[in-house]
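Beneath this line is the structure, given in structure tokens, with notes to follow.
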Amino acid sequence: MHNPSLLRKYIRNNTKPRLPIPMLLYEDKYILNNKEKCHIFGRYFSSLFQNVPIWECPKISPKNIKELNDIDFDIINVVTELSKLPNKNSSFENISYRLLKSFKDILAPDLCEIFRTSLDSGEIPHAWKRSYIIPVFKKGNKEDYTNYRPISLTSPVCRVFEKILAKELLSFLIDNKIISDYQYGFMPKRCTTNQLIYTMEKWYKALLEKSNTDILYIDYKKAFDYVPIDFLLNKLYNYGIRGKLHRWLKNFLKDRTFKVKIGDDYSDEYTINSGVPQGTVIGPLLFIIYINDIVTKIGKEVSISMFADDIKLTFCFKKDSECLILQNALNNLLDWNATWGLDISLGKSVVLHLGDKNPEFNYRINEKSLPKADKVRDLGIIINKKLNFNEYQIHKSKNMGKLF
């Protein structure tokens, strides 16, 4: 097979059927009823979307750059996006994907008019702002409802609008050189492989030159869910997204709701007060816009690479005292977090020390030591101190063995 992603999808779909949600432990009671489970997950997920800062939005001076105020809706583009919809009989809106695809040529002109009206007026149908969440188990105890992540499903019609918007927005950001070159997530012609080549070249070079290298792997707590909406809107305006487009995004982001679905049961509807909406097309792009200026806070002596919210800080050095340069960069990152409402997960962030004579400096986050690791999973690849792939090959061999 020439397409590895299709192979992975085939294996996943044929070896890991989605299991029903088991009984949950909630307030010392076991919950078996799906309706009650929906409410438990609804309350829990709702608590993740309430990051509303008590301080005012940081003031930033608008950049003197070109503005993007409006976009065009072309029938051909709408037809193209409709044809890319999945082959499903229905969505949670009871709108058939197959119908949208089969009658794309007939529906496209009317959809263009709907999209145009929505953007011009700033009004967005409630169905476009509602998500249906499926709880999916991560790891740990399956009876613990906090060990599940929300998978959001959104309106297929709105997704067509978003895809057209995302293309125009991304084109504007790239043409005006706004997005950092060190961001590899959700960017065209960039991927995990590009980032790994970029970083590992630096690490290997340092080892050959007998230098030491410290790599800080930074993990954020619920990064997508914690983004303060007003802060994000401020940054969008600063980067030139203004006028009716800014108004539409504001209305799209605010007063969103969700319901949890398990089997045929649903939770009550909950309001979302923070975060870029997961499950949407535009959400990931909005997030990388939000964290884009982190790069300017790190300093030129420390290398940064990002894949969405996964951040690596790399510093190569020969003198032990130089480690303070990386600690200072980390402090600057913490200052940025405090200003913009995000928080590092100390339990998931680690440092990897490379080099035979590495002093293994004790890096600190808010007076707590950053955990040290002998190996790290880096964008799906296991990286160890020797920079070989032995452990990764063993890990993959074991996983493949489980398939047969």
| message | Below 15 angstrom from the Cβ of residue 26, what's the summed charge of the other residues (Lys, Arg +1; Asp, Glu -1)? | response | 0
| task | Run through all the Cα pairs of segment 261-336 and give the fraction in each 10 Å bin from 0, expressed as whole percent. | result | 15, 34, 23, 15, 10, 4, 0
| remark: Shape call for segment 236-280, from the Cα gyration tensor axes a ≥ b ≥ c (a/c under 1.5 means rounded, otherwise prolate when a/b beats b/c, else oblate), comes out prolate
| query | Just the Cα atoms of segment 252-404: what Rg and Dmax do they give in Å? | reply | 19.9, 62
| task | Could you tell me how many degrees, from 0 to 90 and to the nearest 10, lie between the Cα long axis of helix 323-340 and the main elongation axis, the longest principal axis, of the Cα atoms of the chain? | result | 20
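Among DSSP bridges having both ends in segment 23-373, what percentage is antiparallel? Round to the nearest 5.
Values: 34 of 42 bridges.
Within segment 23-373, antiparallel bridges account for around 80 percent of the total.
Looking at the P(r) of segment 155-215, how many percent of alpha-carbon pairs lie beyond 16 Å? Numbers along the way, then the final one.
Working: 1133 of 1830 pairs.
Summing the P(r) of segment 155-215 above 16 Å gives 62 percent of all pairs.
Need one word for segment 35-151: rounded, prolate or oblate. Basis is the Cα gyration tensor (sqrt eigenvalues a ≥ b ≥ c); a/c below 1.5 gives rounded, then a/b vs b/c decides. Spell out each step's value before the answer.
On the way: a/c = 2.60, a/b = 1.21, b/c = 2.15.
Oblate shape, in that a/c is at least 1.5 and b/c is the bigger or equal ratio.
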| Just from the alpha-carbon atoms, what are the Rg and Dmax of segment 126-240 in angstroms? | 19.4, 60
| Taking Cα centroids, how far is segment 288-360 from segment 148-217 in Å? | 17
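In what order do 154, 314, 296, 257 fall by count of nearby beta-carbon atoms within 10 Å, going from fewest to most? Working shown, then result.
On the way: 154 25, 314 20, 296 10, 257 14.
If I rank by nearby Cβ atoms, fewest first, I get 296, 257, 314, 154.
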| note | The farthest towards the positive end of the charge dipole of segment 23-373, of the residues 296, 108, 316, given +1 on Cβ of Lys and Arg and -1 on Cβ of Asp and Glu, is 316
| Cross-link partners of residue 59 among lysines (Cα-Cα below 19 Å; sequence separation of 8 or more within a chain) | 235, 250, 297
| Share of alpha-carbon pairs per 10 Å distance bin for segment 312-393, given as whole % | 15, 45, 32, 7, 0
| said: Taking 18 Å as the cut-off for C-alpha to C-alpha distance, list the pairs among 210/319; 202/385; 210/318; 63/221; 37/129; 129/163 that go past it. | reply: 63/221; 37/129
| remark: When all Cα-Cα pair distances of segment 37-96 are considered, the percent exceeding 18 Å is 74
| query | In degrees between 0 and 90, to the nearest 10, how far off the longest principal axis of the chain does helix 243-253 point, with axes built from Cα atoms? | reply | 90
| request: Pick out, from 354, 243, 172, the residue whose Cα sits farthest towards the positive end of the charge dipole of the chain, with +1 on the Cβ of Lys and Arg and -1 on the Cβ of Asp and Glu. | output: 354
| Nearest 10 degrees, 0 to 90: what angle lies between the long axis of helix 192-208 and the longest principal axis of the chain (Cα atoms)? | 0
| Choice from 168, 27, 113 showing the highest fluctuation, given a GNM over the chain with Cα pairs closer than 10 Å | 27
| field | Point-charge dipole on Cβ atoms (K/R +1, D/E -1) for the chain, about Cα centre, debye to 20 | value | 1200
| message | Along the Cα→Cβ direction, 7 angstrom out, place labels at residue 343 and residue 66. What is the inter-label distance in nm? | response | 4.1
| field | Distant-in-sequence amide H partners of residue 311 (H built 1.01 Å from N, under 5 Å) | value | 218
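A short reminder: the numbers here are calculations on the coordinates, not readings from a lab. Here the structure is a predicted model, which means the values were calculated and not measured. All Cβ positions, glycine included, derive from the backbone under ideal geometry; neighbour counts span all protein chains shown.
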